[in-house]
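Following: one structure in structure tokens, then a few remarks.
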Amino acid sequence: MQLEFSPADEQFRNEVASWLRDHLCGEFAAIRGRGGPGDEHHFVDERKAWERTLAEGGWTCIGWPEQWGGRGATIEQQVIFNEEYARAGGPGRLGHIGETLTGPTLLAFGSEQQKQRYLPDIRAGQAFWCQGYSEPGAGSDLSNIKTRAEWDEQERVWRFYGQKVWTSLAHESDFIFVLARTDVSQRGHRGLSFFLVPLAQEGLEIRPITQLTGTAEFNEVFFDGACCSPEDLVGEEGDGWRVAMGLLGFERGVSTLGQQMLFQVELDEVIRLAKENGASRQPALRQRIAEAHIGLRTLRYNSLRMLSGEDDGSLSREAMIYKLAWSNWHRNLGKLAMDVLGPEAELVESAPYELNRLQSLFLFTRADTIYGGTNQIQRNLIAERALGMPREPRGDA
Amino acid sequence: MDFTFTAEQLEFRDTVAGLLKTEVTSDSIRARWSTDSGKDPALQEQLLAMGVYSLLFPESLGGLGMDAIDAVLLAEACGAVALPEPLAETMMVASPLLVDILNRGLGNGAIQPIIDGVMDGRVNVAVLHPINPYLNFAADVDWILAGSGDGLYLLPRDAVNLTPAKSLDPSRRLSSVEFDPSAEHRVAGGEVGAALLRASLNLGGLTVAAQLLGLSELLVSQSVQYTQDRNQFGRPVGANQAVKHLLADVAVQLEYARPVVARAAYTVGVSPERADFAVSHAKLAATRVAQLAARQAIQVHGAMGYTWECDVQIAAKRIWALSYEWGDEGFHKNRIHEWLLQPNALLGPEYTFGRRSLVG
Ligand SMILES: Cc1cc2nc3c(=O)[nH]c(=O)nc-3n(C[C@H](O)[C@H](O)[C@H](O)COP(=O)(O)OP(=O)(O)OC[C@H]3O[C@@H](n4cnc5c(N)ncnc54)[C@H](O)[C@@H]3O)c2cc1C
């Protein structure tokens, strides 16, 4: 065990911090701290421009190998980058899905041609991606996917029929990776394949879904004959489940540390407010603030430990507990923020439904325990996979 | 001792609840969101005809002569449909305060006509207690009973300045209220003013607590329904213990909160000067179950629970607003521990249920 960063790492930290200081200003000053959870719909064009600026500075995809434009950054360096990015108030990353999900998945499972076609644009902050997994009938039971991919022999393309739902940021994206059924005679995770599909085309319609917050971050995506070329099938036909699960393994990635820095920024805001409005004099709130602080520290130590392990995309025990731990912590923080606001918690900023930062935080954290595997599913995974307890029976309705 | 409600009390509740269930649907609530007033005037007429606006006025004044125990059941029924209109507040907070003022011979003859007006639906009164920074549905009130310091003021609508403010709950119509606490409008001050304000705070806390119970029940029933209808892994999601337990926990807390609220209503009715503790307990217990209900209801609905379209948001957002109205958790916990920790607090087994009787 060795818990300090090396001098070289500290130097890297300075480099990141000073680059961000020099660039997250001027035209980008307005987007500092914006576009995070609950605020994704704001400053989309500016944030896309920011992605390109980041890319020019060499700060997108730093964990990718140098061959693909990355820096081959070590885990420590990626941690540092994410921390400094959050500390500097870097805006919510629109390139996040491409960089942390599509990229690593193509690096692990993609063909040479796919890498060449897609990685450079992700790296350049030019192409934005969304995740097409969930469907109306396939939420927790992801393998119940009904969207079909049919081979069109005449046009030599895969054609898609069906519907995805809850697709975050589809309306701001260029591509969607789609888990679809290529063999309809198969059920469950057999007969699925993983595709890379452009969003702007005939036979594909995106309809935003308004959320509890009054804004629309996620969407329905309807496929009625939209297509992709045979080169856009990732892995073998019928191998989609393995690719899809591999991708979820990458979600454990280093972004968790940056996420915690954002959590820290939110907690600091709650503490500042508590001091300002006198809530900090209430013993019950003081204690909850202390709980929040140590809870966040605990998350950080676990993440550092989890990232110290092998980086093979497989789920480690530590990674398995992480989603449950942070989502509960964050949900509690949302509630704490409201309680610190007190009666002001109810007041939204004028028409039509502008939430303030802490209200967005509160509402958004209601979803934290749902997306990316609900708390109940996470507990099932921990019990069944980590502890080896008997699997729950499936129904056959 | 009898902790149950009488058949008549339940029957009256059922009658009003029946009307509310048919008239106050999620569609009708959503329809109110896009209107300025946020109210359904036709419903008001029907409620008036049932006598709910006369409920807590004594028979000698032409009212129905019921008390807080009767009213608490109705307030819960209002919560159970997430009724946007401040019926419970008018009935349970404004009416008793008017009677209290009248009985003390205060108000310079202004009170009687106001009471008459409330009972026949011509006059609309609201109470603005200093603990609440905003008043709900203030735009069409005729009179505001407002507190400032230990003074209580009776202000006609044109003597106050209303600035509209938006609530997280699209059903609510908040305003901040400015007024000049002048002698002209003063009804009471000093100890009497403070006592009236304290009584109104307890009535307000009780009213909100009862509504929170109803709102919790509404969310439980919506959730039970959804988890039966929604299938994953080839069976209803409600078949999973993990899901069942989320809702069972709410049901247990809800049943345990009910007698707490009933007891607070009883104390407010028979011994209002001693109701602080009981009301704070009620508000805390009801807020706790309601917050849990909102959280679990969203959880068991999955992503659907996070949408604008899903009706869970109607009750959940009301709960998040009401949790802070008439004193938040910190305020009510303080009232309890300050009382318990005072040097001569009456502690020990002989006082477990209060001195001599339940009402303590
Ligand atoms: C803000 C947000 C963003 C999202 N973004 C995306 C995205 O970009 N791409 C994408 O593909 N998806 C996305 N999702 C969808 C998300 O992955 C699903 O919501 C999640 O998997 C749960 O599925 P569901 O909503 O259908 O809930 P359901 O599966 O219907 O679950 C309902 C309830 O039943 C419980 N339950 C279900 N099965 C079991 C079981 N076996 N044991 C115990 N409890 C069970 C659940 O825990 C939940 O409480 C997003 C969701 C949200 C809220």
B:I298 meets each of (1) open to solvent by 10 Å² or more (accessible area, probe 1.4 Å); (2) farther than 20 Å from B:P84 by Cα with one exception, condition (1)
Exercise for review: Go through the residues of segment A:356-364 one by one and say whether even a single one is away from the ligand (no atom under 16 Å from the Cβ) and part of a loop (DSSP other than H, G, I, E, B).
Suggested key: yes
Among (1) modelled with pLDDT under 90; (2) under 27 Å from A:T369 (Cβ atoms), A:T102 falls short only on (1)
Going through (1) open to solvent by 30 Å² or more (accessible area, probe 1.4 Å); (2) within 12 Å of chain A (Cβ to nearest Cβ); (3) more than 14 Å from the ligand (Cβ to nearest atom) one by one, B:T287 fails only at (1)
Contact list, first residue from segment A:151-169 and assigned by TED's automatic domain parsing to the domain that holds A:S229 and at positive phi, second anywhere and open to solvent by 60 Å² or more (accessible area, probe 1.4 Å) and within 16 Å of the ligand (Cβ to nearest atom), beta-carbon distance below 8 Å, six or more apart or interchain, is A:G162/A:K146; A:W166/A:Y371
Taking first residues from segment A:381-395 that are within 13 Å of chain B (Cβ to nearest Cβ) and second residues anywhere that are among the polar types (S, T, N, Q) and in a helix (DSSP H, G or I), the pairs with Cβ under 7 Å that are 6 or more apart or on different chains are A:E392/A:N380
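For A:V197, indicate whether it is part of a strand (DSSP E or B), of a type outside the set (K, R) and at pLDDT 95 or above. Can you show your working first?
Values: part of a strand (DSSP E or B): yes; of a type outside the set (K, R): yes; at pLDDT 95 or above: yes.
Spelling it out, A:V197 is indeed part of a strand (DSSP E or B), of a type outside the set (K, R) and at pLDDT 95 or above.
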Restricting segment B:60-86 to residues that are at pLDDT below 95 and of a type in the set (D, E), the one most open to solvent (accessible area, probe 1.4 Å) turns out to be B:D67
Among (1) open to solvent by 60 Å² or more (accessible area, probe 1.4 Å); (2) more than 8 Å from every other protein chain (Cβ to nearest Cβ); (3) modelled with pLDDT of 95 or more, B:H337 falls short only on (3)
Scanning segment A:249-278 for residues that are part of a helix (DSSP H, G or I), touching a Gly at 6+ places or on another chain (Cβ under 8 Å) and not β-branched (V, I, T), the one surrounded by the fewest Cβ atoms within 10 Å (Cβ to Cβ) turns out to be A:N277
B:G190 fails exactly one of (1) within 16 Å of the ligand (Cβ to nearest atom); (2) open to solvent by 10 Å² or more (accessible area, probe 1.4 Å), namely (1)
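Test of understanding: among B:S200, B:S221, B:S176, which residue is under 24 Å from B:A88 (Cβ atoms) and within 14 Å of chain A (Cβ to nearest Cβ)? Please lay out each step first, then the result.
On the way: B:S200 fails: within 14 Å of chain A (Cβ to nearest Cβ); B:S221 fails: within 14 Å of chain A (Cβ to nearest Cβ).
Being under 24 Å from B:A88 (Cβ atoms) and within 14 Å of chain A (Cβ to nearest Cβ) holds for just one of B:S200, B:S221, B:S176, which is B:S176.
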Okay, strands (runs of 3 or more DSSP E) sitting entirely in segment A:110-184 with 2 or more residues that are within 12 Å of the ligand (Cβ to nearest atom) and more than 14 Å from every other protein chain (Cβ to nearest Cβ), I get A:129-132, A:175-181
Of (1) within 16 Å of the ligand (Cβ to nearest atom); (2) within 14 Å of chain A (Cβ to nearest Cβ); (3) within 25 Å of the chain's Cα centre (by Cα); (4) in a helix (DSSP H, G or I), B:M304 satisfies every one except (3)
> Could you say whether any residue in segment A:218-225 is part of a strand (DSSP E or B) and away from the ligand (no atom under 15 Å from the Cβ)?
Replying inline: yes
Considering residues that are open to solvent by 10 Å² or more (accessible area, probe 1.4 Å) and either within 14 Å of the ligand (Cβ to nearest atom) or touching a strand residue (DSSP E or B) at 6+ places or on another chain (Cβ under 7 Å) (or both), the number found within segment B:307-331 is 3
Note on B:V187: of the conditions (1) away from chain A (no Cβ under 13 Å); (2) of a type outside the set (S, T, Y); (3) assigned to a helix (DSSP H, G or I), unmet is (3)
Of those in segment A:343-380 that are more than 9 Å from chain B (Cβ to nearest Cβ) and of a type in the set (A, V, I, L, M), the residue nearest to the chain's Cα centre (by Cα) is A:L361
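The values are calculated or read from the model by the stated rules, or taken from the named source; none is laboratory data. These numbers come from a predicted model, not from an experiment. A quick note on method: Cβ atoms are made from the backbone with ideal geometry, for glycine too, and the neighbour counts reach across all protein chains shown. We work out accessible area using only protein heavy atoms, side chains counted, and drop any ligands, DNA or RNA first. Shrake-Rupley method; radii C 1.70, N 1.55, O 1.52, S 1.80 Å.
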